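To start, the structure itself, in structure tokens.
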Amino acid sequence: MYTVDELNDRLIDLAFSEDIGDGDHTTLCCIPEEAMGKSKLLIKEEGILAGLRIAREVFHRFDPEMQVETFMNDGDRVKPGDVPMIVTGKVRSLLQTERLMLNIMQRMSGIATMTAEYVKRLEGTKTRVLDTRKTTPGMRMLEKEAVKIGGGTNHRIGLFDMILLKDNHVDFAGGIAAALDRCAAYQKAKGLNLKVEIEVRSFDEIRQVMEHGGADRIMLDNFSVEDTKKAVEMIGGKFETESSGGITMDTLRDYALCGVDFISVGALTHSVKGLDMSFKAC
């Protein structure tokens, strides 16, 4: 399994490969190799800044001699006209790294901005907003980092760091009890101690989980607000609770007021709009 830094390096290498190919012929044909310059990151929209850390990695991986000066931090609120960063180096390097840096920072900042809006809606409740695995292939670590920058909480990173028995697992395994029994046996055989979450679709399935045990968290899938309140009362704090499925910004707080511990929102990463910014010569 790769470390986070190794995954970032592989993403950056792949991104440069697909963008530059055998050479940025536009830049190479008109910019002298020895030309030096500066470019500034210019914010054009209000939001939450995210991605400065990985931006620095992009520049240094392409050209270690590039100098990056930052004036703001990831997580800061930005507005049009703000300049969080100025980069000095070869003009060729500035031009060839521009798009990759912007692609990453615009997406991460968009995710952080949307997450912050969800978090704000939850103020005064105990509920935390979670991301999901509905991420851009190859960019999961960065997108989940952006969720944290925006004040959200990461759910599992992948299929390896938590057990989540969803409806298909339960149905293929032969039911709630069978799925939980197989889960416990597997963890024992493998010497694992992973957190276990199970998805339920009805009050009957909640009862089965509560009677059987073997789970840490119950996911209430596509429950209405009214049924969620009843489910939370029924569970009575004996398991962590998570609401999931079709929850929007408009209904988020209603679910939180039911007393659930978590609300998972796939839209944080799969339906985000990038924050508008540009990288201009200065």
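The values are calculated or read from the model by the stated rules, or taken from the named source; none is laboratory data. What you see is a predicted model; the values in this text were computed from it and never measured. Using ideal geometry, Cβ is built from the backbone for each residue, glycine included, and neighbour counts are taken over all protein chains shown. Side chains included, ligands, DNA and RNA excluded: accessible areas come from the protein's heavy atoms. Shrake-Rupley method; radii C 1.70, N 1.55, O 1.52, S 1.80 Å.
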Taking chymotrypsin sites (Phe, Trp or Tyr not before Pro) as exposed when in a DSSP loop with at most 16 other Cβ atoms inside 10 Å, the chain has its longest clean stretch at 161-282
The chain, convex hull of Cα, quarter of hull surface, nm² -> 17.1 nm²
Where a ≥ b ≥ c are root eigenvalues of the Cα gyration tensor, a/c under 1.5 meaning rounded, otherwise prolate if a/b exceeds b/c and oblate otherwise, the stretch 129-255 counts as oblate
In Å², rounded to a whole number, the accessible area per residue of the chain with probe 1.4 Å is 51 Å²
With Cα coordinates, the longest principal axis of the chain makes an angle with the long axis of helix 176-190, in degrees rounded to 10, of 60 degrees
Loop-resident trypsin sites (Lys or Arg not before Pro) in the stretch 63-163 with no more than 14 other Cβ atoms inside 10 Å, DSSP not H/G/I/E/B, are K126
Partner lysines whose C-alpha sits under 26 Å from that of K120, ignoring same-chain residues fewer than 8 away, are K44, K79, K134, K144, K148, K229, K230, K273
The helix 91-121 Cα axis meets the longest alpha-carbon principal axis of the chain at an angle in degrees, between 0 and 90 and rounded to 10, of 30 degrees
Taking GluC sites (Glu not before Pro) as exposed when in a DSSP loop with at most 12 other Cβ atoms inside 10 Å, the chain has its longest clean stretch at 124-282
Row for the stretch 44-115, column shape: gyration tensor on C-alpha, a ≥ b ≥ c, rounded if a/c < 1.5 i.e. under 1.5, prolate if a/b over b/c, else oblate; value prolate
At q = 0.09, 0.13, 0.16 Å⁻¹, the log10 of I(q)/I(0) for the stretch 54-206 from a Debye sum over equal Cα scatterers comes to -0.47, -0.79, -0.98
As straight-line cross-link partners of K190, the qualifying lysines (C-alpha separation under 23 Å, not fewer than 8 residues apart within one chain) are K166
Heavy-atom accessible area of the stretch 7-145 with neighbours in place, 1.4 angstrom probe: carbon+sulfur share in percent works out to 49 percent
In debye to the nearest 20, the charge dipole size for the stretch 98-137, taken about the Cα centre with +1 at each Lys and Arg Cβ and -1 at each Asp and Glu Cβ, equals 180 debye
Per the C-alpha gyration tensor (a ≥ b ≥ c, the square roots of its eigenvalues), the stretch 192-280 is rounded if a/c is under 1.5, else prolate if a/b beats b/c, else oblate; here it's prolate
For M277 the rounded accessible area (nearest 10 Å², probe 1.4 Å, non-protein molecules ignored) is 10 Å²
Rounded to the nearest 0.05, FRET efficiency between D19 and K280 (Cβ-Cβ, R0 25 Å) equals 0.85
The local net charge around K38, scoring Lys/Arg +1 and Asp/Glu -1 for residues other than K38 whose Cβ lies under 12 Å from its Cβ, equals +2
Listed by chain and number, the aspartates and glutamates with an alpha carbon less than 12 angstrom from that of K195, same-chain partners under 8 positions apart left out, are D161, D216, E240
Extension length gain for E240 and E211 (0.36 nm per residue less Cα distance), in nm, is 8.9 nm
